[in-house]
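Structure first, commentary second.
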Amino acid sequence: MKEPFRYRIVVEWSEEDQAFVARVPVLPGCAAHGATPEKATHEAERAAALMLEVMLEDGRSLPPQDASADYSGQLRLRLPKSLHERVSQLATAEGVSLNTLLLSLIAEGCGRQAPAAAEPAPRAARKRKAAA
C-alpha cells in the first residue's frame, strides 16, 4: 500500500498557463500543472518524490513534513460571542443545525457544495447562489 504524501500541496488556477498549478511550498521550485486540481496534485507528488529522492542521495536532510493525512473531520472553533449568537439565530431561522449551517458556509467559501449526506443548504445560502 502506498504511504500517504506528508507534505502540503497548494493548488491554484493559473490564467497564464490555463491550467491548475500545484506547488509543494517546503520544496522551492517544486510545481506541476494539470487539467484538473487532482491531476496537478498527482504530478506535484511525483515531482516532489523525485526531489526528495535526490536530496537523500546527496546526503541532505529532508524538510520537515507539514501535512498529515489523518484528519478526524472534527475541529474546535473559537469565535466571538456575538458571532456565535448570529450564526445560531440564522441556523434556527433556516431550520438546520448550527453544524450544518457552518458546514454549508465553509463549503460555499471553499467553492464546493456541502456533502450530500448533510442537510440541505440553508435558504440564505441558496438565495445568494440564485442571485449570482
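Every number here is computed from the coordinates shown, using simple stated rules; none is lab data. None of the values given here were measured: they were computed from a predicted structure.
Note on the stretch 1-59: Kirkwood hydrodynamic radius from all Cα pairs is 11.8 Å, rounded to one decimal. Couplings 3J(HN,Hα) for the stretch 39-47, derived from phi with the Karplus relation 6.51 cos²θ - 1.76 cosθ + 1.60 (θ = phi - 60°), are 5, 5, 4, 4, 5, 5, 4, 5, 4 Hz, where x marks Gly and Pro.
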